[in-house]
1. Within the stretch 37-56, which residues are small (Gly, Ala, Ser) and free of Cβ contacts under 8 Å to residues at least 24 places away in the same chain?
2. Check off (1) surrounded by 10 or more Cβ atoms within 10 Å (Cβ to Cβ); (2) modelled with pLDDT under 85; (3) in contact with a His (Cβ under 8 Å, 6 or more places away or on another chain) for ILE88 and give me the number that stays unchecked.
3. Can you tell me which residues in the stretch 1-32 are among the aliphatic types (A, V, I, L, M) and at pLDDT below 90?
4. Among the helices (runs of 4 or more DSSP H) contained in the stretch 1-89, which hold 2 or more residues that are within 30 Å of ARG138 (Cβ to Cβ) and more than 15 Å from the chain's Cα centre (by Cα)?
5. For the stretch 102-128, name all the residues that are farther than 26 Å from ASP8 by Cα and either touching a strand residue (DSSP E or B) at 6+ places or on another chain (Cβ under 6 Å) or crowded, with 21+ Cβ neighbours inside 10 Å (or both).
6. Which of (1) within 30 Å of SER134 (Cβ to Cβ); (2) at pLDDT 90 or above; (3) surrounded by 19 or more Cβ atoms within 10 Å (Cβ to Cβ); (4) of a type outside the set (D, E, K, R) is the odd one out, the single condition GLN36 does not satisfy?
7. Answer yes or no as to whether VAL139 is over 19 Å from GLY20 (Cβ atoms) and hydrophobic (A, V, I, L, M, F, W, C).
8. In contact with a helix residue (DSSP H, G or I) (Cβ under 8 Å, 6 or more places away or on another chain), farther than 27 Å from VAL127 by Cβ and of a type in the set (A, V, I, L, M, F, W, C) - does that describe any residue in the stretch 4-21?
Amino acid sequence: MNPELTLDTEINLAIRLTVGLVLGAIIGFERELHRQPAGFRTHSLVSLGAALFTVVSAFGFIGGDLVDPTRIAAQIVSGIGFIGAGTILQYRGHIRGLTTAASLWSVAAIGTAAGAGLFVVAIVGTVLILVILSILDRVEALARRRLQLPPEGYVLPRDNQSDPDEGMSEDLP
């Protein structure tokens, strides 16, 4: 059975969804500027979806001891892993997209906080994510230049150092 909500409560819930959407969009815009696999729309949708799941979980059901409003919200954490996994790419031993996957996971947390009405936490979390994505990126680049570290990226170990495509015909699947 659905609870009877006042107009004030429904407006509050709509504000929660909007805050989740806007904060996710801000982070998505930063990712879009850096031409990452998941950008403005994806981050916006993940944050809005997490906020919506949180609101529905907390306000959509009533019914005594068997109702646990944390159950749906808890599944956001594992469910977002599937989307994040889709942004991680491996090509010739190099891995890309880990930061974007982590930002999607973090945006889901921002949406969950907004959906729970924790606006200050959601806003501070958004600012901290932006600091990590923009300022720490510059710090990392500076440190790489100063310490003469190899180019950015992760390299997977190979059993064989030769080219894995060597000797393969172009017309084979």
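1. GLY39, SER44
2. Exception for ILE88: condition (3).
3. MET1, LEU5
4. On the way: elements: 7-33, 40-59, 70-87.
By residue number, 7-33.
5. SER103, LEU104, SER106, VAL107, THR126
6. Here GLN36 meets the rest and fails (2).
7. Details: over 19 Å from GLY20 (Cβ atoms): yes; hydrophobic (A, V, I, L, M, F, W, C): yes.
Considered against the rule, which asks whether it is over 19 Å from GLY20 (Cβ atoms) and hydrophobic (A, V, I, L, M, F, W, C), VAL139 comes out as yes.
8. Yes: one or more hits.
The values are calculated or read from the model by the stated rules, or taken from the named source; none is laboratory data. Source: prediction; values computed, not measured. As a convention, Cβ positions derive from the backbone with ideal geometry for all residues, glycine included, and neighbour counts pool all protein chains shown.
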